[in-house]
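One structure below.
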Amino acid sequence: MEEKRYNLLLGAVRALSAQMALQIRANQVLYLEDSVEMEKEPEQILKTVFGYDSFRPMQKEVIQNVLDGRDTLAVMPTGGGKSLCYQIPALMFSGMTVVVSPLIALMQDQVSQMEAYGVPAAVINSSLDWGTYRQTSEEIRRGKIKLLYVSPEGLSSRKIQDLLHSEGIHIDCITIDEAHCVSEWGHDFRPDYMEIAGIREQFHDAVCLALTATATKQVREDIIRHLHMENPQILISSFNRPNLHLEVQRKTNAFTQTRDYILERPEQSGIIYCFSRKQVDELTQALNDFGIRAINYHAGLSDDQRAANQNAFIQDKVNIIVATLAFGMGINKPDVRFVIHYNLPKSIEQYYQEIGRAGRDGLPGEALLLYTSADAHKIRYFFNEKENPENAERLLQGMLAYCESRTCRRHFLMSYFGEYYNPLSPGAVKPSCCCDICANPGGAIKAESYRGKKTRTYEKKKINATKPTPKAKIMPVDENDEEGQRIAQELRAWRKKTADEMNVPPYVIFGDKTLFDIAQKKPGSTRELMNCNGIGENKARSFGDSILRIVRG
């Protein structure tokens, strides 16, 4: 009986939430009609909607190609701003843009961010209840949605195809995110992506935009062929992430190395990748036993538990998440400060994509890989389950060469993707900030030595969390600027409280880069606030009074 009452209450709450979402979207459409559609240039939308003064490298070229109706393949690093390449054209097109993405959590995160900017967006996936699906479908039919996010398997379903072919619906653009998933030569091939080309044929007038962060020449050719792209423009951005420090350590005592690394970075968000579910669970438990709060994430958990753990991480309720290499997380969290690979990744492509989740906001990020050749044997053990073991070995060899390299790791990564890195060019980083090889002229892989016998059984005792020397916290506000420091701290607390009330990640309100810019500039009016990074008209309207109240003290 109690369970029945609970289910009835849960249903009522969901229905109320859906009604509130409809009202929010209705208000967003009015804003869109009054503001965005009046803008004729991408730069104007970039500023008024998203609050940015200038485009990142290659964004403008991709956007212009899409607006010109030319199929485009864009290869841009994680954190390079791929989303804006279809979001801005979507606001300029009269019809709807369909975005194909492989991960439910990532799609919902994108929708939350769009709603915060005042842009009407929706997602259709298997997690929706029937009532929400019907309401969302009705909004789409009425032309109230500018951006629709769907999974590749959802796109090929009969109900979504029927919906997209409804009278009055016009598709201007089909965007395929994580487009490398269409290639068997890539590191993350997904058969469902092979069905996208057939759907594309049903919408001949829609421009196709394929986006990926990692694509070798072979993978790029596969993307163009399998998606039936017509005379596409291929745009490849630099693979350089100057804010990301690269490090490889010889694995001696993996848990101790990981534990100390985390303790040196208090209050920073980090992702740890492990080889197996068992290892994820063991490491998560061991970290918690030592007083480091961490949560796990892998395919062996229920859908609800996975979603709850990921939400806890992106909403800053816990700083450390431990995940399997084999299961994509779709993290869109911009303030992840470090990524640790507890085991060897299967390929450079996989490694590059996963370390790209650190420092997406442009602030400093770190990537640590714990390396032992024994991990390669574990990876090879599963080769017989692959359709193409020769390709898997080729990818693995690239990863091994990276770990054993005695030259600049940044140069190695960029060379792998066909780009030359000139450390003397504009945008290059200081040798001490580049990688462990450049910081250590001897060129040897850094090894950590620890007392005691190496063992898989983790000692269960608390340690003094203040014993390791902490790294400097990411707070680019002058330490002599006491008022700026106060503003930053109060803004962080207010952002967390507001995000919890809205049930969204704190970065949906605004990211750390915006927080620090406000603390440094100390705006005294709404107009001055909109000169801060990431504050567009809708965010200034929604949060301006509260922000300015904190700035004034």
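The values are calculated or read from the model by the stated rules, or taken from the named source; none is laboratory data. Predicted model, so just to flag it, every value in this text is computed and none were measured. Don't worry about glycine lacking a Cβ; one is built from the backbone with ideal geometry, like all the others, and counts go over all protein chains shown. What goes into the accessible areas is simple: the full protein's heavy atoms, side chains included, and nothing from ligands, DNA or RNA. Shrake-Rupley method; radii C 1.70, N 1.55, O 1.52, S 1.80 Å.
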Placing each pseudo-label 7 Å from Cα in the direction of the beta carbon, residue 217 and residue 43 end up separated by a distance in nanometres of 3.7
Gyration tensor on Cα atoms of the range 93-206, a ≥ b ≥ c root eigenvalues, a/c under 1.5 rounded, else prolate if a/b beats b/c, else oblate, says prolate
Expected field for residue 382, accessible surface area in Å² at 1.4 Å probe radius, rounded to 10, holds 90
Of the range 203-229, those with amide N under 17 Å from the point 7 Å along the Cα→Cβ vector of residue 390 are 218-219
Karplus ³J(HN,Hα) for the range 485-502 (6.51 cos²θ - 1.76 cosθ + 1.60, θ = phi - 60°; Hz, whole; x = Gly/Pro) runs 4, 4, 4, 4, 5, 5, 5, 4, 5, 5, 4, 5, 4, 5, 4, 4, 5, 8
Surpassing 29 Å at the alpha-carbon level, of the pairs 47/497; 317/346; 159/496, are 317/346; 159/496
Per DSSP, the loop-located GluC sites (Glu not before Pro) within the range 467-553 having at most 10 other beta carbons within 10 Å are 479
Applying the gyration tensor rule to the Cα atoms of the range 117-172 (axes a ≥ b ≥ c; rounded if a/c under 1.5, else prolate if a/b exceeds b/c, else oblate), the class is rounded
Cα extents of the range 362-424 per principal axis, largest first, Å, are 44, 25, 24
Here the range 476-547 gives, from Cα atoms, an Rg and Dmax in Å of 11.6, 35
Excluding ligands, DNA and RNA, the carbon-plus-sulfur percentage of the accessible area of the range 168-287 with a 1.4 Å probe reads 46
Expected field for residue 265, accessible surface area in Å² at 1.4 Å probe radius, rounded to 10, holds 10
Heads up, the range 237-384 by the C-alpha gyration tensor (a ≥ b ≥ c square roots of eigenvalues; a/c under 1.5 rounded, else a/b over b/c prolate, else oblate) looks rounded
For residue 333, the aspartates and glutamates lying under 14 Å Cα to Cα, once residues fewer than eight places off in the same chain are dropped, come out as 109, 316, 354, 361, 512
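For every other residue with a beta carbon closer than 13 angstrom to the beta carbon of residue 161, add +1 if it is Lys or Arg and -1 if Asp or Glu, then tell me the sum. Present the calculation step by step, with values, prior to reporting the outcome.
Working: positive: 158, 159, 200; negative: 153, 162, 195, 201.
So the environment of residue 161 carries a net charge of -1.
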Stokes-Einstein D for the range 233-292 (20 °C, 1.002 mPa s, Kirkwood Rh from Cα pairs), in µm²/s, comes to 151
Rounded to the nearest 0.05, FRET efficiency between residue 525 and residue 480 (Cβ-Cβ, R0 35 Å) equals 0.85
